[in-house]
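Structure record follows, encoded as structure tokens.
FYI, it's all coordinate maths here, none of it is from the lab. Computed from a predicted model, the values in this text were never measured in an experiment. Glycine gets a Cβ as well: all are built from the backbone with ideal geometry, and neighbour counts include every protein chain shown.
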Amino acid sequence: MILVIGGAGYIGSHLVKELIKKESVVVLDNLSTGHQKAIDPEAIFVEGDLRNEDLLNIIFSKYPIKGVMHFAANSLVGESVVDPLKYYENNVSATLTLLKVMLKHSVENFIFSSTAATYGIPNVDVIRESTVTNPINPYGRSKLMIEQILADYAKAYDINYVVLRYFNAAGAFETAEIGESHNPETHLIPIILQHLAGYREKVSVFGSDYETPDGTCIRDYIHVTDLANAHILALESLLERRNKTATYNLGNGLGYSVKEVIETCEKVTGIQAKVEIGDRREGDPARLIASSKKIHEELGWKAERDLTEIIQSAWNWHKNQMY
Ligand code: UDP
């Protein structure tokens, strides 16, 4: 049985839909940003908070948990700057409580959701896991702190882990049952699709004077189902003792500019977007592209879905939503 913390959230709920095909699953989620209806009905759901140590002890005593996947975190860069306390409490302190309880119950296998934000503003074209980490905001720092703590714990205690550094997760489940739903929405692809579905007046491009071919920021978009599959391979590598500690990037290895993403959304939907050029958003690096060569070589994973498929799946979900 696998404990998925944050299994009602965007990436966690997609992971549960894939994992449940292979393992029984307990989801712990406080529903602060997740949605109960997104949790696969075959999973056991415990509504509660990760910071509740007593509750964690009950869960680990009650269920035969052999591994933990941890998706529950706050993940908005701007918010982390104005409210760092929230980020260090929810992303760092809560994870320390979890690790403590895992050690107490001798649960050794841990998959940790990390982020491209650990790299800060990299000075390389394609980011490898060996690229220097230098986060520039509390969100990225909160994730890197746990990565560093995990390295120390794995040396001292019986804990094995895989850290997965996500680039830009996007897209929706193949049946369009679940998709990306944040409130407020800040991410590019859902914002464009909400606009094209008639729920936003326009799309604002955050800066067109970056040092990129069309002046807009370049990101590496990765389908949420591809991300989910990487988690399952990572878990198997721990359960089968092929991995003890590992850190992997998860991206397509391809970069698309904001303008290219808007154009692809227009092509997929057949609808013209109303676009305005706005100011840069603070803390946005010009270009973030992952090399995922390491996880390909070690676990055989690669992204299967391209930008058009990402946007098509997201649109299949978005066009049926009411905002
Ligand atoms: N972006 C934009 N307009 C929006 C939202 C995002 O131009 O309304 C840009 C943002 O500046 C970044 C890219 O789209 O360059 C992806 O942003 P998102 O928030 O989706 O992900 P992030 O890269 O911040 O994790």
For this session: For each of HIS70, HIS14, count neighbouring Cβ atoms within 10 Å of the residue's Cβ, then give the residues from fewest to most.
Result: HIS70, HIS14
Problem set entry | Principal-axis tilt of helix 53-62 within the chain, Cα atoms, nearest 10 degrees | 70
Exercise. Which lysines does LYS66 reach when only Cα atoms under 19 Å apart count, and residues fewer than 8 places away in its own chain are ignored?
Worked result: LYS17, LYS21, LYS22, LYS100, LYS104, LYS244
Exercise. So, in Å, what gap is there between the alpha-carbon centers of the range 22-50 and the range 241-261?
Worked result: 26
Problem set entry | Exposure proxy ranking, count of Cβ atoms within 10 Å, fewest first, for SER291, SER75, SER204 | SER204, SER291, SER75
Exercise. Taking the Cα-to-Cβ direction at LYS274 and at ASP306 and moving 7 Å from each Cα, how far apart do the two end points lie in nm?
Worked result: 3.2
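Let me check against my output: what whole-number percent is the relative contact order of the chain, with C-alpha pairs under 8 Å and at least 6 apart?
Values: 658 pairs, mean separation 60.7, N = 323.
Averaging sequence separation for qualifying contacts and normalising by length gives 19 percent for the chain.
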Seminar exercise, completed: Taking max minus min of the Cα coordinates of the chain on each principal axis, largest first, gives extents in Å of 55, 41, 39
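With charges only on Cβ, +1 for K and R and -1 for D and E, what is the dipole size of the range 224-307 about its Cα centre, in debye, rounded to 20?
260
With only Lys, Arg, Asp and Glu charged, each at its Cβ (+1 for the first two, -1 for the last two), find how big the charge dipole of the chain is about the Cα centre; round to the nearest 20 debye. Don't skip to the answer; put the middle values down first.
Details: 32 positive and 42 negative charges, 100 e Å.
With only Lys, Arg, Asp and Glu charged at Cβ, the dipole is about 480 debye.
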For this session: Using a 10 angstrom cutoff on alpha carbons, build the Gaussian network for the chain and name the most mobile of TYR88, TYR63, TYR248.
Result: TYR63
For this session: Rounded to the nearest 10 degrees, what's the angle between the helix 224-239 long axis and the longest principal axis of the chain, both from Cα atoms, 0 to 90?
Result: 20
For this session: Can you tell me the 0 to 90 degree angle between the C-alpha axis of helix 258-269 and the longest principal axis of the chain, rounded to 10?
Result: 90
Seminar exercise, completed: Out of LEU188, THR97, THR33 - ranked by how far each Cα lies towards the positive end of the dipole of the chain, with unit charges on the beta-carbon of charged residues - the top one is THR97
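Determine, for MET102, MET322, the number of other Cβ atoms within 10 Å of each Cβ, and report the residues in order from fewest to most. Please list the in-between numbers first.
Numbers: MET102 24, MET322 5.
Fewest to most other Cβ atoms nearby, the residues stand as MET322, MET102.
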Problem set entry | Prolate/oblate/rounded call for the range 87-179, Cα gyration tensor, a/c under 1.5 rounded | oblate
Exercise. Which of VAL205, LEU164, LEU150 sits closest to the plus end of the dipole of the chain, meaning its Cα is farthest towards the positive end, when Lys and Arg get +1 and Asp and Glu get -1 on the C-beta?
Worked result: LEU150
Problem set entry | Residue (of GLY270, THR247, LEU235) at the positive-pole extreme of the range 209-321, dipole from beta-carbon charges | LEU235
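Work out the length of the dipole vector of the range 224-263 about its Cα centre, built from +1 on the beta-carbon of each Lys and Arg and -1 on the beta-carbon of each Asp and Glu, and round it to the nearest 20 debye. Walk me through the intermediate numbers first.
Working: 4 positive and 5 negative charges, 56 e Å.
Rounded to the nearest 20 debye, it is 260 debye.
What is the range 61-136 by shape, rounded, prolate or oblate, if you read a ≥ b ≥ c off the alpha carbon gyration tensor as root eigenvalues and call it rounded for a/c under 1.5, prolate for a/b larger than b/c, and oblate otherwise?
Values: a/c = 3.15, a/b = 1.61, b/c = 1.95.
Oblate, because a/c is 1.5 or more while a/b does not exceed b/c.
Just to be sure I understand: of the beta bridges DSSP finds with both ends in the chain, what percent are antiparallel, rounded to 5? Walk me through the numbers on the way to the answer.
Details: 2 of 41 bridges.
If we restrict to bridges inside the chain, about 5 percent are antiparallel.
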Exercise. Once both labels are modelled 7 Å past Cα along the beta-carbon direction, what's the GLU260-GLN321 spacing in nm?
Worked result: 2.4
Seminar exercise, completed: Summing -39500 (n - 2.57) over every DSSP H run of at least 4 residues in the chain and dividing by its residue count gives a helix-only mean residue ellipticity at 222 nm, to the nearest 500 deg cm²/dmol, of -10500 deg cm²/dmol
